[in-house]
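The values are calculated or read from the model by the stated rules, or taken from the named source; none is laboratory data. Predicted model, so just to flag it, every value in this text is computed and none were measured. Glycine gets a Cβ as well: all are built from the backbone with ideal geometry, and neighbour counts include every protein chain shown. Surface accessibility is based on the protein's heavy atoms, side chains included, excluding ligands, DNA and RNA. Shrake-Rupley method; radii C 1.70, N 1.55, O 1.52, S 1.80 Å.
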Amino acid sequence: MRSSDTDYVLAIENLTVSFDGFKAVDDLTLYIDQGELRVIIGPNGAGKTTVLDLISGKTSATSGSIRYNPYAQKKGRNIELTEMREHEIVRAGIGRKFQTPSIYESLTVFENLEISYPRGRTVLGSLTFQRSEEVMDRIHEVAEAIFLIEMLDSQAELLSHGQKQWLEIGMLLVQSPDLIMLDEPVAGMSAKERDATAELLREVSKEHSVLIIEHDMDFVAKIADQVTVLHLGQIIMEGTMEEIQNDSVVQEVYLGH
Ligand code: ADP
Ligand code: MG
């Protein structure tokens with residue numbers, strides 16, 4: 001039970017998805033507060049990516065609900081996401097980054113950020129869109145945050161793997177979503193890039209709610225306030241990283257894999 005119905009950005013309640021009888025997510029209840037940076041960890045096959053698929057509307061829930069409260073009052077309150085289409089959920093302010101970067105390799109960093117700017121949110125916007133000062137300011141602000149300000153004119157295919165990951169985070173940031181979801185954002189990154197990403201996501205969480213799925217425990221320890229451990233589609237523990245690392249059930253689940 002919650003003291004208020006609107007202090008969370010996401011209220012996931014009794015969420016289940018069944019694939020041919022197999023429950024990849026099984027009666028999951030999870031609240032994420034406004035402005036929180038939450039990390040979900042868990043062994044392979046735990047259902048982590050499926051949780052993001054359900055929130056983003058890529059997969060339909062078998063039962064349960066996902067209610068969403070954006071920051072801006074005008075967008076409505078307690079929006080039920082399980083009844084919405086993928087593009088409607090994006091438009092409502094939920095941005096997602098997949099495990100493999102999906103940037104436009106032949107375009108420059110600047111162009112990748114520019115095409116991600118939400119000009120198409122209204123029909124009028126798409127017709128009258130111009131490189132306004134507002135757009136330029138936002139692109140520069142984001143490029144600075146993702147450590148690519150010196151590379152705005154470089155072709156995206158020339159970036160390192162880590163820089164491509166940052167660019168994709170930047171493509172989400174220019175859309176100013178209320179909730180940003182990232183699936184294993186430091187996979188394949190160097191130690192230095194992982195540290196920079198931790199710093200970047202800490203910054204991002206000052207202005208957005210953030211939901212991260214991650215395997216790398218050192219990275220999780222650097223960024224997370226609260227960690228949720230998922231196993232076989234269910235939450236087995238929630239707490240600080242220290243509490244989780246000292247928990248015998250969690251240790252068993254990880255050693256068993
Ligand atoms: P994680 O991201 O924690 O490694 P996933 O969410 O990708 O785990 O997968 C959880 C389980 O659900 C796996 O056993 C996977 O094979 C299964 N699964 C995920 N998506 C589907 C689907 N669309 N159809 C059938 N099974 C699926
Ligand atoms: Mg996954």
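In this rough spin-label picture, where each label sits 7 Å from Cα along the Cβ direction, the Q251-R77 distance is 4.6 nm. Kirkwood radius, the chain, all distinct C-alpha pairs, inverse of mean reciprocal distance: 19.1 Å. With 0.36 nm allotted per residue and the present C-alpha distance subtracted, the R202-S176 stretch has 7.8 nm of extension available. With a Förster radius of 22 Å applied to the beta-carbon distance between N44 and S190, the computed FRET efficiency rounds to 0.45. Once the convex hull of all Cα atoms in the stretch 1-62 is built, its volume per residue stands at 96 Å³. In the chain, carbon and sulfur make up what percent of the accessible area (probe 1.4 Å)? After summing per-atom areas, the C and S share lands at 48 percent. In the stretch 1-116, the ratio of gyration radius to Kirkwood radius, Rg to Rh, stands at 1.00 when only Cα atoms are counted. Label-to-label distance, S132 versus Y31, with points set 7 angstrom from Cα along the beta-carbon direction: 3.8 nm.
With q set to 0.18, 0.23, 0.30 Å⁻¹, the log10 of I(q)/I(0) for the stretch 147-202, from the Debye formula over equal scatterers at the Cα positions, is -0.62, -1.01, -1.41.
Computed over protein heavy atoms with a 1.4 Å probe, the accessible surface of the chain works out to 49 Å² per residue. Between 0 and 90 degrees, the angle of helix 161-173 with respect to the longest Cα principal axis of the chain falls at about 80 degrees.
Were the residues from E105 through E243 laid out at 0.36 nm apart, the gain over their Cα-Cα distance would be 45.5 nm. Ignoring everything except DSSP H segments at least 4 long, calculate the 222 nm mean residue ellipticity for the chain; use -39,500 (n - 2.57) per segment, divide by total residues, nearest 500. Taking each H run of at least 4 residues, the total per residue is -9500 deg cm²/dmol.
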